[in-house]
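In what follows, a single structure is set out as structure tokens and then discussed.
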Amino acid sequence: RKELLTRRLNHPEWRLPNLIVVDGGIAQKNAFEKILATKKITIPVVSVVKDARHRPDHILGDETLVKKMKREILLANSESHRFAITFHRKRLRSRLKNY
């Protein structure tokens, strides 16, 4: 995850996001904030914490921002999961065809 953000920030030609949504707890949120601070970039970071059934339980971050954008944060998190699952299934099917 750290590598992902670092690679993303190494493209100054790309517009910076207004918000970063992290999947995980306080440790993941802190790691992203540390990278941003190292690069002297100010972007709010929120973290979607999941329950035992891997469903969103709560969101860590600026309370005002979370209240204002809760729906969008959860949608972004859900879409990223959908994209990742689709990618991995496609990759797995491709591997199975080669056997």
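Quick notes on this structure:
- Inter-part distance where the stretch 80-98 and the stretch 22-73 are each reduced to a Cα centre, Å: 26
- Rg and Dmax of the stretch 39-96, based on Cα coordinates, read 15.0, 47 Å.
- On Cα atoms only, tilt of 26-38 relative to the major axis of the chain in degrees: 70
- Accessible area (Å², 1.4 Å probe, nearest 10) - residue 70: 110
- Lysine pair count for the chain with Cα-Cα distance under 28 Å and sequence separation of 8 or more or different chains is 29.
- Net charge of neighbours whose Cβ lies under 15 Å from the Cβ of residue 11, counting Lys and Arg as +1 and Asp and Glu as -1: +2
- The share of accessible area on the chain that comes from carbon and sulfur is 56 percent, using a 1.4 angstrom probe.
- Translational diffusion coefficient (Stokes-Einstein; Kirkwood radius from C-alpha pairs) of the stretch 1-42 at 20 °C, 1.002 mPa s, in µm²/s: 199
- Area projected by the alpha carbon convex hull of the stretch 11-67, averaged over all directions, nm²: 4.5
- Using a probe of 1.4 angstrom and keeping all protein chains present, the accessible surface of the chain works out to 80 square angstrom per residue.
- Based on C-alpha pairs under 8 angstrom that are at least 6 apart in sequence, the chain has a relative contact order of 21 percent.
- Inverse of mean 1/r across different Cα pairs in the chain, Kirkwood, Å: 15.1
The values are calculated or read from the model by the stated rules, or taken from the named source; none is laboratory data. Computed from a predicted structure; not experimentally measured. As a convention, Cβ positions derive from the backbone with ideal geometry for all residues, glycine included, and neighbour counts pool all protein chains shown. The accessibility values were calculated without ligands, DNA or RNA, using every heavy atom of the protein model including side chains. Shrake-Rupley method; radii C 1.70, N 1.55, O 1.52, S 1.80 Å.
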